[in-house]
C-alpha cells in the first residue's frame, strides 16, 4: 500500500507533530511504500526525500525536520484520487491512504480532512464534522451532555464578552461564584495544554484569561477538580460499524492512568520531560470502574460520530470518586511516551499492528462512503 504521512502544520503543536510522525514512520510495516510530506508553520507543503525516512528507520535518535526545496513543493488536485491528487516535481505521489499525523489547528479541526475529501483520498481518522466539533471543547461538552454523559462543570467566555467590559466582569464574577477557586482556564480549540493554566485567586484568573484569549476567541473556565487523570484509547467507526469487518468495531484499550509530577499534566509533562509523569496501564482501579470507563469512552466516541481513532480523557474526583469526561483527542500523540499507542500495546497490539488497524479502518470507511449516492 502507498502510505503518505503528513506532518508539521500551522499549529502550536507543530513540533509535537514532528516527533509523533517520526515514531509513526519508524513503525509503519516495511511492506508499505511510505512518503513524507512536511507542512511548514506558514502552511506550505513539501515532499521529503526518501533518505529522510531511511534515516529515521536507521537511527532511533534522528529528528524529523522539514526540507523546503521549492522543486518539491506539493500541489493538490481536487478529485485527483490515489494516483493523482498529490503532485510534486511534476510527478504524482501515489496515496492509497493518508495519515495526517498532525495535532491542533489546521490539522485535527476538520480543515485538512475537508481538503482530503475534496481530493478524493482515503485517510486515517475522523471526518470533517467529527474533527471540527471535537476540536471545540464546549461543543464537545454540549454533545456529551445531550447524550447523558458526565462533564466537568464549566462557564464559556468569548471575545465579544471582552469587548463589553461590564458584561465581561459580570461573567467572570459569576463564573467564580458558580465554580469556586481553584479554576482551570483553557482555550476552546487549542491542544497539548497550550494556553491552559490554573488560577487560585482573582489576579491569577485575570492573567490566565489573558493568556487563553491569545490562543482562541472562546475560552473555557472549569472547576479545577482534585482529580486522578485517566485516559482510554478507542478505535473503530461509530457510524458504519460492520461486525463482519473487525477494524470497524468500537474497541476500547486501557484505560491508563497519568500520575503527573508537575502542577498538572501540562505541555512539559506531556512532551519535554520523560519523567514528567508516571503512566499506569491499566489504571489503578477495580474491574467495575475500568469497565465503566471503557464503555463510557465508547459512548463519548460515538456521541461525536468519531471514526478511526481517538483518545478519550477522564477525571476521577479524589474526594467523591465521581468520574467526569474531560476531552477527546481525535489525533492523539504518537510519541515514544504517548498514551494512545501504549494503551493499544497493553491490549496486545504492537505499534505496527495498531497502524495496520487504522489503515484498514480508513480504507473500509473510504470505500463505504464512495458507495453513497452524491448526485442524480
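When the residues of the range 343-355 are narrowed to those that are out of contact with any helix residue (DSSP H, G or I) (no Cβ under 9 Å at 6 or more places or on another chain) and part of a helix (DSSP H, G or I), which ends up surrounded by the most Cβ atoms within 10 Å (Cβ to Cβ)? Walk me through it before giving the result.
Applying the first criterion (out of contact with any helix residue (DSSP H, G or I) (no Cβ under 9 Å at 6 or more places or on another chain)) to the range 343-355 yields 343, 346-348.
From what's left, part of a helix (DSSP H, G or I): 343, 346.
Details: 343: 26, 346: 15.
For the range 343-355, the residue satisfying everything is 343.
Looking only at the range 139-165, how many residues end up being at pLDDT below 95, in a helix (DSSP H, G or I) and in contact with a strand residue (DSSP E or B) (Cβ under 8 Å, 6 or more places away or on another chain)?
1
Specify which of the listed residues (39, 34, 24) is more than 14 Å from the chain's Cα centre (by Cα), at pLDDT 95 or above and farther than 16 Å from residue 65 by Cα.
Sole residue among the options that is more than 14 Å from the chain's Cα centre (by Cα), at pLDDT 95 or above and farther than 16 Å from residue 65 by Cα: 34.
Can you find even one residue in the range 280-300 that is crowded, with 20+ Cβ neighbours inside 10 Å, within 19 Å of residue 136 (Cβ to Cβ) and in the same structural domain as residue 139 (by TED's automatic domain parsing)?
yes
Considering only the range 206-250, state which residues are within 18 Å of residue 357 (Cβ to Cβ), free of Cβ contacts under 8 Å to residues at least 60 places away in the same chain and either crowded, with 23+ Cβ neighbours inside 10 Å or in contact with a helix residue (DSSP H, G or I) (Cβ under 8 Å, 6 or more places away or on another chain) (or both). Working first, answer last.
Applying the first criterion (within 18 Å of residue 357 (Cβ to Cβ)) to the range 206-250 yields 232-250.
Restricting the remaining residues to those that are free of Cβ contacts under 8 Å to residues at least 60 places away in the same chain gives 241, 243-244, 246, 249-250.
241, 250, listed by residue number.
Any residue that is touching a residue at least 24 places away in the same chain (Cβ under 8 Å), farther than 30 Å from residue 331 by Cβ, touching a strand residue (DSSP E or B) at 6+ places or on another chain (Cβ under 9 Å) and part of a loop (DSSP other than H, G, I, E, B) - is there at least one of those in the range 166-180?
Checked the range 166-180: at least one residue is touching a residue at least 24 places away in the same chain (Cβ under 8 Å), farther than 30 Å from residue 331 by Cβ, touching a strand residue (DSSP E or B) at 6+ places or on another chain (Cβ under 9 Å) and part of a loop (DSSP other than H, G, I, E, B).
Would it be correct to say that residue 203 is over 27 Å from residue 277 (Cα atoms) and surrounded by fewer than 21 Cβ atoms within 10 Å (Cβ to Cβ)? Quick ask: steps written out before the conclusion?
Values: over 27 Å from residue 277 (Cα atoms): yes; surrounded by fewer than 21 Cβ atoms within 10 Å (Cβ to Cβ): yes.
Yes.
The values are calculated or read from the model by the stated rules, or taken from the named source; none is laboratory data. This structure is a prediction, so every number in the text was calculated from the model and none was measured. So basically every Cβ, Gly included, is an ideal-geometry build from the backbone, and we count neighbours across all protein chains shown.
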